[in-house]
1. For LYS297, list the lysines whose Cα falls under 21 Å from its own Cα; do not include residues on the same chain fewer than 8 positions away.
2. How charged is the neighbourhood of VAL168? Take every other residue with its Cβ under 13 Å from the Cβ of VAL168, and add Lys/Arg as +1 and Asp/Glu as -1.
3. By how many degrees, 0 to 90 and rounded to 10, does the Cα axis of helix 308-317 deviate from the longest principal axis of the chain?
4. Output the 0 to 90 degree angle, nearest 10, between the alpha-carbon long axis of helix 227-238 and the longest principal axis computed from the alpha carbons of the chain.
5. Cut-off is 10 Å between beta-carbons; in what order do SER216, SER158, SER9, SER269 appear when sorted fewest neighbours first?
6. Could you point to the residue in HIS206, VAL166, VAL180 farthest towards the positive end of the stretch 140-253's charge dipole, with +1 and -1 charges on the Cβ of Lys/Arg and Asp/Glu respectively?
7. As a footprinting exposure proxy, order PHE259, PHE49, PHE175 by other Cβ within 10 Å, with the fewest listed first.
8. If I histogram all Cα-Cα distances within the stretch 245-315 using bins 5 Å wide from 0, what percent of pairs lands in each bin?
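Bear in mind these aren't lab numbers, they're just calculated from the coordinates by the rules spelled out. Computed from a predicted structure; not experimentally measured. Note that each Cβ is placed from the backbone with ideal geometry, even for glycine, and that neighbours are counted across all protein chains shown.
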Amino acid sequence: MRRIAVLTSGGDAPGMNAAIRAVVRTAIYRKLEVYGVLQGYEGLMDGAFQRLEPRDVGGIIHRGGTVLRTARSERFKTEEGLLAAISSMEKAEIDGLVVIGGDGSFKGAWELHRRGVPVVGIPGTIDNDVVGTDETIGYDTALNTALEAVKKLRDTASSHDRLFIVEVMGREAGFLALNVAVASGAEFVVVPERKFDIGFLCDRLHQSRKSGKQHSLIIVAEGAMSAVEMKARLQDTGGYDAKVTVLGYIQRGGSPTSFDTILASRLGSFAVERLLEGDRGIMVGTVCHGMKASPLKSSWEGRKPLNPELVELVDKLSI
Ligand code: F6P
């Protein structure tokens, strides 16, 4: 292997730049040439490659977003798109590819692998919904960003004796919502993984008001229900008047936490080492703090479970 490329794909996540830096510098340390692909799979199909040297990735370790830029590509999902990507890699004589993204991006990486392209994936998404790694790059930062916002909302909720609903990101997974709920001391959390019962929630709110609580916080994952819908249901079923906050894209930005920066650096470097060792069609991750490689396919075939202990903790500690 002489020349590899790296791209970021799907939703951006804080720490992606630290991963790019680690890929580039490890590759050069191992005497490989490295190219950055601009705008994810779009750039791969169009041959948008840019040679990267160690100094080109200087000063980016703490920056949010992705210097390579990213995209969600519909064209790449077609056979024509896949063939265009393979042909532009062949033209540029690129022998291996590192894909930084979530499970959707890994599906694309798998299709390249099936057609003979050596690919390794690095999990980067604020949703943390990738099987094969305990945490994905960006999740810890998003969790802390959301938590800071919820702590501020708690101040005003308590001053005014109000009920607040906060919607956090998480299209199909409740990791952010559940962990924000535990860390902020929220009264209730609604996640896609768990059945929701409005009657039960109204009952809980009634009990907590009776026990002397003047304000309450409900965290909802966007994939379970919108905060606006929750407000309407609380009004209809229990007569509650709630204030709504949607945290939105702010959760995707910002400088990565130390956890994400270290995770990204480790995974970026490990991905290149695995590629050099001859691993193909895999993703790298950390399991119980150790580095682990697993088949790309298993990253989306199963569903990563929420920690049931944390689910119970929200109920137990919000009495
Ligand atoms: O996959 C990460 C994520 O931030 C989800 O939580 C969210 O639903 C989605 O991306 C938003 O995607 P887009 O950037 O395409 O609007």
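1. Within the straight-line cut-off, LYS297 pairs with LYS77, LYS107.
2. On the way: positive: ARG171, ARG252; negative: ASP127, GLU148, GLU167, GLU222.
Residues close to VAL168 contribute a combined charge of -2.
3. 30
4. 20
5. Working: SER216 24, SER158 15, SER9 31, SER269 21.
Listed from fewest to most nearby Cβ atoms, that is SER158, SER269, SER216, SER9.
6. Highest projection toward the positive end goes to HIS206.
7. PHE259, PHE49, PHE175
8. It works out to 3, 12, 15, 15, 20, 19, 9, 4, 2, 0, in whole percents.
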